[in-house]
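**Q** Quick one: the structure is below, and I'll ask about it shortly.
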Amino acid sequence: MPYLEVAAASPIYHTLTYRSPAACKVPLQAGLRLLVPLGSRQITGYLLTVSDIAPTAKYKIREITDILDQQPLFPGAMVKFFRWLADYYQYPIGEIIKAALPGGLTPQSSRRISLTAAGREFFHGTPAAQISAAWFASLLDRGELPAAAVKSLWRRQRDRNIARQWEAKGFINIHAEISQDRVRDKTELCVRLVHDGSEPAGLKKSEEKTMQALARLSQATNQNWIARRDLNRVYAGSGRAIAGLVVRKLIITAKQPVYRNPFGETPPSYPKPRKLTADQEQALAGIAPALAAAKFTTFLLHGITGSGKTEVYLRAAELALQAGKGVLIMVPEIALATQIEGNFLARFGSQTALLHSGLSKGERLDQWKRIASGAAKIVIGARSALFAPLADPGLIVVDEEHDGSYKQEDGFCYQARDAAVLRGRQSQAVVILGSATPSVISYQHARQGKYQLLSMPSRVANRSLPKVEIIDLRAINTVNGRPPLFTPQLTRALRDNLRQKDQSLIFLNRRGYANLMICQDCGYTLQCPNCQVSLTLHKNRRELVCHYCGAARHSEAVCPKCQSTKLKGMGFGTERIEDELRHMMPKARIARLDRDSAVNRRQYMKILQAVHHHEIDILVGTQMIAKGHHFPLVTLVGVVWADASLGIPDYKAGERTFQLLTQVLGRAGRGETPGRVLVQTHHPEHYSIINARTHNYGKMFSAEISLRQALKFPPFCRLINLRFSGENEAAVKEAARQIAQTARSKLQRDLEILGPAPAPLSRLRGQFRWHLLLKGQSWQDLHRLSRHLKEISAKPPFPRRVKLTVDVDPENML
């Protein structure tokens, strides 16, 4: 019986060894899920390797309980990738694989508690209030506690002890059971043609139409089995005809697995151009030889907005498919996946699959299986698409590679862009990092020769970049001490654009109506009860909402400090901008695109379609309107307040401001009419705003790289941020102090420690937060130190209720 190396779906940093059962009906190979014993529990594990060589360590090796799959869920080649991620980002490998796979695929043992007859008799007449266990009332009332309730109480040692005492006395039974997969293949009643092709005689009209509809569907979908409900949609009379056709043995019916289609309404796409631009041809000339040679190469595709980078991705994908390779297209946000999928669906049809968190568990499982089986060769998705089970990827594209959304901020804190480059290296794939505003780190890599730089400095059809005008808000007459939301210049431009029947975009990267609610009597600012963050007024919903934890309360609140009802909204967001515009221009057709107005794909697509069909004159939005969109009729972009990101306590604030402004400016003038942009700011002299106005990435890069070299920030050092969080502020502070003291005692040359200090967002979701920043030239020394500190945090005297999160290469410092 071979030895199996298994990654447990549990916070264990090392792999475990098990024996296979004597009778094994499924061939053992990497990528299978197993049910394995761990202590007294049964949990899901992932098979990594199979070996006949026994481990050198002497310990009892247990046998696996079950094999949960018939086919591997990921190719064996990805095991090396998962190991690297676990090592570099210092996270349990089993938890990484669990996060990578579709949700709902982790069976495990659970407990259920039932009250015995002896227990019911013993507790009869005893008021629930006299029993210290909070769950006792529910047990007495229902006679049992389900697995979810037992899981909650089992976390508390006191409740565990009570339950075990009652079990020993025969008052309750604790039952062990194994949970099932929470997501499975979907089956439906399907129909299939079985006749030999000859024209059957004596059919009723409804039977003839049913046969014809079934034949059309089979041909269109290239599927033999057609779901009965799909047949009913095509021909409503098929329901009454199916029974007769089954009797005559012209069709058969059976339950069959059906595919849950995640695409719905297809997004807009653009026809394949007959001729590429000179920039596109030059970029492809650099990429094609690497694809043909199947040689790992990383290209930084620096193309200005409107230069046609998507067409380069499409042509490169064609070359990869011709070579029999898979293609992975990554975008920073789900909204951008919707933008790019229309073009890939139009070119490659059913070879395209989607992978992102916006899919239901069932849709994600279906997409995953299509990719793993080889039915889908192209995968489009956000950050988590990095883990797509492509057996042989030949091309990996990271669009908008500069975007901070590629970094996971909680739990497994990985940088998907960097990991994509690593996966490309391990797979000998070509990697394209595309952006109009490359990250400073990526551009520095290109300067140093780590990446090959490909430039696309011109727009398609030689269209000009928009003319940008900076409006100094300090010089604008104020209203009640503040400048107006719309300066006279922006107001005139919007009215002129409306008269000319062109479209306008208004950008503000802040949601809601007012970002502060202040008591006019005592000056108190209403804050989230779980976070040290002010509540945002959403006027249409009549709610005050925390944008971090989602907590909400009615907007007609009273001041918790003085009980006054005189609360006033201060500040502004996209909802207020939309409201002001409707009052200014009542005849204009105005819409808003942000997370509040487009909560699902259907609403998002509806707004996009309306813009493309010129059913909207002015579109207001957050960064959702800033990236990737091609609106040919948009000739005016107005930036209400360009300074929002400049005040963030982060060394990347200037770079991010430039990137966001450049992206949104690039939405103007992508059609036949030249574009115009008006930027309202209190800091017209800031280098990020000056260089965004002149579309000068080179000068922005020079300013940023000089600052970072002087301050020794990336790319001139490596960073690891240690985040401490817990419900008790004193315990969190003490934990940070202990680890900082240990770190300084182990300090090596070229390593630096900053902190500990409270995080800028010092309380989130009920957790107090401190952080400790490690800086160093050598990433190996830095990782050794952080691993040592992580090990210390697992032992006393480190406070038990404080969590330490290791964030390697942090993207933000909030």
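**Q** Please return the ranges of helices (runs of 4 or more DSSP H) entirely within segment 171-276 where 2 or more residues are within 30 Å of Lys606 (Cα to Cα) and open to solvent by less than 80 Å² (accessible area, probe 1.4 Å).
**A** 205-221, 228-234
**Q** Checking Val634 against (1) open to solvent by less than 30 Å² (accessible area, probe 1.4 Å); (2) at pLDDT 90 or above; (3) out of contact with any Lys or Arg (no Cβ under 6 Å at 6 or more places or on another chain); (4) of a type outside the set (Lys, Arg): exactly one of these is not met. Which one?
**A** Checking Val634 against (1) open to solvent by less than 30 Å² (accessible area, probe 1.4 Å); (2) at pLDDT 90 or above; (3) out of contact with any Lys or Arg (no Cβ under 6 Å at 6 or more places or on another chain); (4) of a type outside the set (Lys, Arg), the one that fails is (3).
To keep it simple, each residue is scored yes or no on (1) at pLDDT 95 or above; (2) part of a strand (DSSP E or B); (3) among the small types (Gly, Ala, Ser); (4) over 28 Å from the mean Cα position of the chain (by Cα).
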| position | (1), (2), (3), (4) |
| --- | --- |
| Gly434 | yes, yes, yes, no |
| Thr437 | yes, no, no, no |
| Ile441 | yes, no, no, no |
| Ala446 | yes, no, yes, no |
| Lys450 | yes, no, no, no |
| Ser455 | yes, yes, yes, yes |
| Leu465 | no, no, no, yes |
| Ile470 | yes, yes, no, yes |
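**Q** Further question on the same structure: Would you check which residues across segment 278-331 are open to solvent by 40 Å² or more (accessible area, probe 1.4 Å), among the aliphatic types (A, V, I, L, M) and either in contact with a Pro (Cβ under 9 Å, 6 or more places away or on another chain) or farther than 27 Å from Gln448 by Cα (or both) and list them?
**A** Once the filter is applied, which keeps residues that are open to solvent by 40 Å² or more (accessible area, probe 1.4 Å), among the aliphatic types (A, V, I, L, M) and either in contact with a Pro (Cβ under 9 Å, 6 or more places away or on another chain) or farther than 27 Å from Gln448 by Cα (or both), segment 278-331 yields Leu319, Ala323.
**Q** Moving to a separate point now. Can you tell me how many residues within segment 572-591 are touching a residue at least 12 places away in the same chain (Cβ under 8 Å), under 21 Å from His538 (Cα atoms) and open to solvent by 30 Å² or more (accessible area, probe 1.4 Å)?
**A** Looking only at that region, the number is 5.
Every residue, every condition in (1) open to solvent by 30 Å² or more (accessible area, probe 1.4 Å); (2) closer than 24 Å to Phe701 by Cα; (3) touching a residue at least 24 places away in the same chain (Cβ under 8 Å), yes or no:
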{"residue": "Gln426", "(1), (2), (3)": "yes, no, yes"}
{"residue": "Pro457", "(1), (2), (3)": "yes, yes, yes"}
{"residue": "Leu465", "(1), (2), (3)": "yes, yes, yes"}
{"residue": "Arg474", "(1), (2), (3)": "yes, no, yes"}
{"residue": "Val479", "(1), (2), (3)": "yes, no, no"}
{"residue": "Thr491", "(1), (2), (3)": "no, no, yes"}
{"residue": "Gln503", "(1), (2), (3)": "no, no, yes"}
{"residue": "Cys519", "(1), (2), (3)": "no, no, yes"}
{"residue": "Thr525", "(1), (2), (3)": "yes, no, no"}
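**Q** Any idea which residue in segment 733-767 is farthest from Thr805 (Cα to Cα), counting only those that are open to solvent by 40 Å² or more (accessible area, probe 1.4 Å) and of a type in the set (A, V, I, L, M, F, W, C)?
**A** Here the answer is Leu747.
**Q** So, in segment 564-589, how many residues would count as being closer than 16 Å to Arg511 by Cα and among the hydrophobic types (A, V, I, L, M, F, W, C)? Before the answer, list the steps.
**A** If we filter segment 564-589 for residues that are closer than 16 Å to Arg511 by Cα, which is where we start, we get 569-581.
When the remaining residues are screened for being among the hydrophobic types (A, V, I, L, M, F, W, C), the result is 570, 572, 577, 581.
Total satisfying the criteria: 4.
**Q** While we're here: If you take just the strands (runs of 3 or more DSSP E) that sit entirely in segment 574-667, which of them hold at least 3 residues that are more than 23 Å from Asn515 (Cα to Cα)? So that I can check it myself, show each step before the final result.
**A** Details: elements: 590-593, 618-621, 634-639.
The strands (runs of 3 or more DSSP E) meeting that bar are 634-639.
**Q** Within segment 646-662, how many residues turn out to be surrounded by 20 or more Cβ atoms within 10 Å (Cβ to Cβ) and farther than 25 Å from Asn343 by Cα?
**A** Step one: list which residues in segment 646-662 are surrounded by 20 or more Cβ atoms within 10 Å (Cβ to Cβ), which gives 652, 654-662.
Applying the additional criterion that residues be farther than 25 Å from Asn343 by Cα yields 652, 654-658, 661.
Count: 7.
**Q** Another question, then. I need the full set of residues from segment 474-496 which are over 14 Å from Ala588 (Cβ atoms) and part of a loop (DSSP other than H, G, I, E, B), in order please.
**A** Residues satisfying the conditions are Ile476, Asn477, Thr478, Asn480, Gly481, Pro483, Pro484, Leu485, Thr487.
**Q** Now for a separate question. Condition check: modelled with pLDDT under 95 and either β-branched (Val, Ile, Thr) or assigned to a strand (DSSP E or B) (or both). Does Gly755 satisfy that?
**A** Spelling it out, Gly755 is indeed modelled with pLDDT under 95 and either β-branched (Val, Ile, Thr) or assigned to a strand (DSSP E or B) (or both).
**Q** Which residue is farthest from the chain's Cα centre (by Cα), if the candidates are limited to segment 713-728 and must be assigned to a strand (DSSP E or B) and within 14 Å of Leu782 (Cβ to Cβ)?
**A** Arg718
**Q** Same structure again: It is to be established whether one or more residues within segment 733-748 are in a strand (DSSP E or B) and under 30 Å from the mean Cα position of the chain (by Cα).
**A** no
**Q** Taking the conditions exactly as written (out of contact with any strand residue (DSSP E or B) (no Cβ under 6 Å at 6 or more places or on another chain) and either of a type in the set (A, V, I, L, M) or over 17 Å from Ala316 (Cα atoms) (or both)), does Arg417 satisfy them or not?
**A** Against the criterion (out of contact with any strand residue (DSSP E or B) (no Cβ under 6 Å at 6 or more places or on another chain) and either of a type in the set (A, V, I, L, M) or over 17 Å from Ala316 (Cα atoms) (or both)), Arg417 does not qualify.
**Q** Which condition breaks for Arg510 when tested against (1) under 29 Å from Glu400 (Cβ atoms); (2) in contact with a strand residue (DSSP E or B) (Cβ under 8 Å, 6 or more places away or on another chain)?
**A** For Arg510, the failing item is (2).
**Q** Now, a different point. Of all the residues that make up segment 527-567, how many are in a strand (DSSP E or B), touching a Ser or Thr at 6+ places or on another chain (Cβ under 8 Å), more than 22 Å from Leu814 (Cα to Cα) and open to solvent by 30 Å² or more (accessible area, probe 1.4 Å)?
**A** Of the residues in segment 527-567, the ones in a strand (DSSP E or B) are 527, 534, 536-538, 543-545, 552-554, 567.
If we keep only those that are touching a Ser or Thr at 6+ places or on another chain (Cβ under 8 Å) as well, we get 527, 534, 537-538, 543-545.
Now drop any that are not more than 22 Å from Leu814 (Cα to Cα), which leaves 537-538, 543-544.
The next check asks that each one be open to solvent by 30 Å² or more (accessible area, probe 1.4 Å); those that pass are 543.
Final tally of qualifying residues: 1.
**Q** With respect to the numbered conditions (1) within 29 Å of Arg784 (Cα to Cα); (2) open to solvent by less than 20 Å² (accessible area, probe 1.4 Å); (3) touching a helix residue (DSSP H, G or I) at 6+ places or on another chain (Cβ under 8 Å), which one is the sole condition not fulfilled by Gly31?
**A** (1)
**Q** Continuing with the same structure: Report, by residue number, each residue of segment 140-170 that is closer than 18 Å to Phe123 by Cβ, more than 32 Å from the chain's Cα centre (by Cα) and part of a helix (DSSP H, G or I).
**A** Leu140, Asp141, Arg142, Asp159, Asn161, Ile162, Ala163, Arg164, Gln165, Trp166, Glu167, Ala168
**Q** If you don't mind, another one. Evaluate segment 592-611: report whether one residue or more is more than 30 Å from Asp809 (Cβ to Cβ), open to solvent by 50 Å² or more (accessible area, probe 1.4 Å) and more than 29 Å from the chain's Cα centre (by Cα). Full working, then the answer.
**A** Let us first name the residues in segment 592-611 that are more than 30 Å from Asp809 (Cβ to Cβ), namely 592-593, 596-611.
Going one step further and asking which of them are open to solvent by 50 Å² or more (accessible area, probe 1.4 Å), we end up with 599-603, 606.
Going one step further and asking which of them are more than 29 Å from the chain's Cα centre (by Cα), we end up with none.
Checked against the condition, which is being more than 30 Å from Asp809 (Cβ to Cβ), open to solvent by 50 Å² or more (accessible area, probe 1.4 Å) and more than 29 Å from the chain's Cα centre (by Cα), segment 592-611 yields no hits at all.
**Q** Scan segment 364-381 for residues that are open to solvent by 10 Å² or more (accessible area, probe 1.4 Å) and in a loop (DSSP other than H, G, I, E, B) and jot them down.
**A** So in segment 364-381, the residues open to solvent by 10 Å² or more (accessible area, probe 1.4 Å) come out as 364, 366, 369-370, 372-375, 377.
The answer is Gly374, Ala375, Lys377.
**Q** Test Leu782 against the criterion of being farther than 28 Å from Ala551 by Cβ, surrounded by fewer than 21 Cβ atoms within 10 Å (Cβ to Cβ), in contact with a Gly (Cβ under 6 Å, 6 or more places away or on another chain) and not aromatic (Phe, Trp, Tyr), and give yes or no.
**A** So Leu782 fails the test.
**Q** Do we find that Thr673 is surrounded by fewer than 18 Cβ atoms within 10 Å (Cβ to Cβ), over 29 Å from the mean Cα position of the chain (by Cα) and in contact (Cβ under 8 Å) with a residue 40 or more places away in the chain in this structure?
**A** yes
**Q** Still on this model: What is the number of the single condition among (1) under 27 Å from the mean Cα position of the chain (by Cα); (2) not in a loop (DSSP other than H, G, I, E, B) that Arg120 does not meet?
**A** Answer for Arg120: the failing condition is (1).
**Q** Under 6 Å by Cβ, and 6 or more places apart or on different chains, what pairs join a residue from segment 340-355 that is open to solvent by less than 10 Å² (accessible area, probe 1.4 Å) with one that is assigned to a helix (DSSP H, G or I)?
**A** Thr352/Phe344; Thr352/Leu345; Ala353/Gln367; Ala353/Arg370; Ala353/Ile371; Leu354/Gln367; Leu355/Gln367; Leu355/Ala385
**Q** Checking Val79 against (1) closer than 30 Å to Asp185 by Cβ; (2) of a type in the set (Val, Ile, Thr); (3) in a loop (DSSP other than H, G, I, E, B): exactly one of these is not met. Which one?
**A** Here Val79 clears every test but (3).
The values are calculated or read from the model by the stated rules, or taken from the named source; none is laboratory data. Everything quoted here is computed from the prediction, not taken from an experiment. For neighbour counting, all protein chains shown are included, and Cβ atoms are generated from backbone atoms with ideal geometry for every residue, glycine included. These accessible areas exclude ligands, DNA and RNA; they are computed on the full protein's heavy atoms, side chains included. Shrake-Rupley method; radii C 1.70, N 1.55, O 1.52, S 1.80 Å.
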